[in-house]
Amino acid sequence: MKTVGVIGAGVMGSGISQVLAQSGLEVVIYDISEASLENSRKTIEKNLTKLVEKEKMDVENKEKILKRLHTSNEKQDLKKCQLIIEAATENMEIKKKIIQGLADIINENTILATNTSSLSITEISSVAKYPSNVIGMHFFNPVPVMKLVEVITGIQTDPKVKEIILELSKKAGKTPVLVEEAPGFVVNRILVPMINEAIGVLADGVATAHDIDEAMKLGANHPIGPLALGDLIGLDVTLAIMETLLEEFGDSKYRPHPLLKKMVRAGYLGRKTGRGFFQY
Ligand code: CAA
């Protein structure tokens with residue numbers, strides 16, 4: 001594998017592009033928005049500069065990595081990619097539209113991976129030209145730091161595709177965990193209900209946002225508290241995952257807390273909007 005395409009130049013798409021370019025691959029980041037592409041390049045450059053400042057990377061290597069990163073708003077530029085990773089909005093219809101829209105630029109060997117955080121790989125692959133080439137490749141935020149990649153197989157995923165993606169994840173410096181498709185996979189099925197519960201604790205007036213997070217940091221050894229983590233993930237994404245869990249399992253234990261819904265309705269989405277449970 002030489003060239004990988006990444007669809008979506010948001011936080012996840014940028015992080016994924018950075019680690020893949022760092023592992024020696026040519027990367028084409030595709031987005032319809034020029035501004036997002038420019039932002040993405042700037043973020044990656046800033047991250048690499050930090051590594052140079054910390055003497056974890058030399059300037060020459062940084063320049064080489066940046067040369068391997070290509071941004072484009074022309075879908076045709078993805079034609080040369082052996083793997084295309086979709087990292088767009090967490091919405092089934094949007095993801096299906098993207099996968100469907102790739103039919104004319106892929107061939108029977110192109111692997112399509114989706115960075116969905118909880119949606120069905122089988123359903124996403126149902127609209128692909130070659131469903132057996134579709135797989136889940138779920139990275140964690142911030143991608144350059146977090147070691148895990150969940151590699152998720154749908155009902156039709158070819159075992160050869162699974163092996164290639166497990167190998168690629170390791171090459172990108174990540175530790176893959178193999179997951180049989182199930183709602184929320186492994187991490188989000190456990191993590192997101194915990195964040196939802198923390199929101200309930202806040203809404204019940206049990207403790208302040210600061211103290212809830214302090215309690216979980218000091219009492220459970222979490223690197224950041226659950227409310228700050230919700231803000232990092234994005235409260236819209238957190239809500240979307242709870243809704244998927246509720247719909248798929250039909251179990252009321254996955255009901256999104258009304259305060260989470262209220263925050264999203266207000267546009268308080270966390271870090272990306274400057275306000276969530278905390279101010280940024
Ligand atoms: N990009 C690149 N590097 C970053 C970064 C970013 N956005 N944020 C932090 N870092 C680096 C820092 O440069 C620093 O590097 P060095 O050790 O080389 O100096 C290192 O990470 C630690 O950062 P800080 O000292 O600034 O801050 P910290 O100690 O609080 O660590 C953190 C930051 C690693 C993000 C930590 O807060 C943490 O682990 N948070 C939890 C993250 C988490 O749980 N993510 C998963 C979310 S769930 C998800 O993503 C899946 C989903 O589908 C919703």
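Could you check what % of the DSSP bridge pairs in the chain are antiparallel, to the nearest 5?
Given both bridge residues lie in the chain, the antiparallel proportion sits at roughly 20 percent.
For region 106-199, what's the relative contact order in percent, using C-alpha pairs closer than 8 Å and at least 6 residues apart?
It comes to 27 percent, rounded to a whole number.
Quick one: dipole size for region 144-228, taken about the Cα centre, charges +1 on Lys/Arg Cβ and -1 on Asp/Glu Cβ, in debye to the nearest 20.
Value, rounded to 20: 460 debye.
Checking the cross-link filter: which lysines have an alpha carbon closer than 30 Å to that of LYS50, excluding same-chain neighbours under 8 positions apart?
Excluding near neighbours in sequence, the set is LYS2, LYS42, LYS62, LYS64, LYS67, LYS147, LYS170, LYS171, LYS174, LYS217, LYS272.
Run the dipole for region 1-119 about the Cα centre, Lys and Arg Cβ at +1, Asp and Glu Cβ at -1, nothing else charged, and hand back the magnitude in debye, nearest 20.
180
Beyond 22 Å, what share of the Cα-Cα pairs of region 143-280 is found? Please give it as a whole percent.
Everything past 22 Å amounts to 46 percent.
Under a 5 Å amide H to amide H cut-off, with H placed in plane at 1.01 Å, what residues pair with GLU86 once short-range neighbours are removed?
Residues meeting the criterion, in which the H sits 1.01 Å from N, are ILE7, ALA113, THR114, ASN115.
Can you tell me how region 20-78 classifies by the Cα gyration tensor, rounded, prolate or oblate, using a/c under 1.5 as the rounded cut?
Oblate shape, in that a/c is at least 1.5 and b/c is the bigger or equal ratio.
What's the magnitude of the charge dipole for region 132-172 around its Cα centre, counting Lys and Arg as +1 and Asp and Glu as -1 at the beta-carbon? Answer in Debye, nearest 20.
120
Need one number: % antiparallel among DSSP beta bridges in region 130-259, to the nearest 5.
For region 130-259, the DSSP antiparallel bridge percentage is about 40.
By how many degrees, between 0 and 90 and to the nearest 10, does the Cα long axis of helix 209-220 differ from the longest principal axis of the chain?
Between helix and principal axis, roughly 70 degrees.
Starting from the Cα coordinates of the chain, work out the convex hull volume and express it per residue in Å³.
Taking the convex hull of the Cα positions in the chain, it is 131 Å³ per residue.
State the Cα centre-to-centre distance between region 103-138 and region 233-253 in whole Å.
22
Could the peptides 20-30, 219-229 be put in order, highest first, of the mean number of other beta-carbon atoms found within 10 Å of their residues?
The most tightly packed comes first, giving 20-30, 219-229.
Relative contact order of the chain, please, whole-number percent, based on alpha carbon pairs below 8 angstrom and at least 6 residues apart.
That works out to 13 percent.
Among ILE195, GLY173, PHE185, whose Cα projects farthest towards the positive end of the dipole of region 166-230, with charges put on the beta-carbon of Lys, Arg (+1) and Asp, Glu (-1)?
GLY173
Semi-axes of region 8-117's equivalent ellipsoid from the Cα gyration tensor, sqrt of 5 times each eigenvalue, largest first, rounded to whole Å?
26, 15, 12
Bear in mind these aren't lab numbers, they're just calculated from the coordinates by the rules spelled out. If you're wondering where the values come from, they're calculated on a predicted model, not measured in any experiment. Positions of Cβ are generated from backbone atoms using ideal geometry, with glycine treated the same way; all protein chains shown enter the neighbour counts.
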